[in-house]
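Each reported figure results from applying straightforward, stated rules to the coordinates on display, with no laboratory input. Since the structure is predicted, the reported quantities are computational estimates derived from the model, not experimental observations. All Cβ positions, even for glycine, are placed from backbone atoms using ideal geometry, and neighbour counts span all protein chains on display.
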Amino acid sequence: MSSTSQPIALITGGGRGLGLALARGLLSNGWRVVTDARRTGHLAAALPGAVVVPGDVTDPAHREALAEMVGELSSAAGAPGRLDLLVNNASDLGPSPLPRLDDVPLAAARKVFETNVLAPLALTQQFLPVLRAAGGIVVNVSSDAAVEAYEGWGAYGAAKAALDQLSAVLAAEEPELAVYAVDPGDMRTEMHQAAFPGEDISDRQEPEAVVPALLRLIATRPPSGRLRAADFAEARA
């Protein structure tokens, strides 16, 4: 990764949950951050210093806007054409309550795959040249549903499994990059609550609890692969 004093990160889905928490963590560690969200009204106060681009990662015009902002930020930092970290965090759960496969609306499944697989692929393609220039890092936020079969989690789990495989292939094709599919574990987020409507999820960890493991991952840059944040935190603590 580039040795400049202010590395640059792009985090999708920075409006809430893990994306917001990680953006804050990177900002506090001297990073320049570009992020996006479909709802951005609160982010001027929540993420001072970040560049926030409103929009949806499934929209090609929005992805172009993200690329323009990254280009402007890298030029302002004196390192044009560079991105040190891409975090594909934006996700779509699908319908709530979670339906069985025989009842999943195909339009909803298509949106899950558009958000969780095709948008990360499109962003990776778009930013590969500047990631290569920096010898950068790609973090794709995965889930245990990618490797375990849970009733009701078919569309989401299949999409995250596809994202895991994209991560593995990218690592094989781009050995100069560090590429991680990271399972952050269950978190107390709006999306996790939607997966369990009406249930008490207060026993889940806050997204902020996962950030130290992710920052350690980014700083120490282990070999590319699929990681659980909890295992990495325990192994490196």
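Annotations for the structure displayed:
- Where GluC sites (Glu not before Pro) fall in DSSP loop in region 145-174, at most 11 other Cβ within 10 Å: E148, E151
- Within region 128-237: Cβ-based charge dipole about Cα centre, in debye rounded to nearest 20 (Lys, Arg +1; Asp, Glu -1): 520 debye
- Counting only whole DSSP H helices of the chain, the ones at least 20 Å long by C-alpha along their axis and with mean Kyte-Doolittle hydropathy no lower than 0.0 are 119-134, 154-173.
- Per residue, the chain reaches -13000 deg cm²/dmol at 222 nm when only DSSP H runs of four or more residues are counted, each adding -39500 (n - 2.57).
- With 0.36 nm allotted per residue and the present C-alpha distance subtracted, the E64-D186 stretch has 40.7 nm of extension available.
- Applying a DSSP loop filter and a limit of 15 other Cβ atoms within 10 Å to the trypsin sites (Lys or Arg not before Pro) in region 1-101 leaves R38, R39, R100.
- Across region 8-236, the volume of the C-alpha convex hull divided among the residues equals 120 Å³ per residue.
- Using a Förster distance of 41 Å, the FRET efficiency for D200-S75 (Cβ separation, nearest 0.05): 0.30
- Amide H to amide H distances under 5 Å link V33 with A9, V51, where only residues 5 or more positions off or on other chains count and H is placed in the peptide plane.
- Plainly put, region 110-237 has a radius of gyration that is 0.98 times its Kirkwood radius, both from alpha-carbon atoms, as the Rg/Rh ratio.
- Centroid-to-centroid separation of region 97-170 and region 33-71 [C-alpha atoms, Å]: 20 Å
- Choice from V169, V117, V52 with maximal GNM fluctuation in the chain (Cα, 10 Å cutoff): V169
- Selection from P120, L27, S75, by position along the positive dipole direction of region 24-133 (Cβ): L27
- Basic side chains Lys and Arg get +1 at the Cβ, acidic Asp and Glu get -1 at the Cβ, and with that the dipole of region 63-113 about its Cα centre reaches some 100 debye.
- Overall, region 105-174 carries a charge dipole of about 260 debye about its Cα centre when +1 sits on the Cβ of Lys and Arg and -1 on the Cβ of Asp and Glu, all other atoms neutral.
- Take the Cβ atoms of S28 and A107, set R0 to 30 Å, and the FRET efficiency comes out at 0.15.
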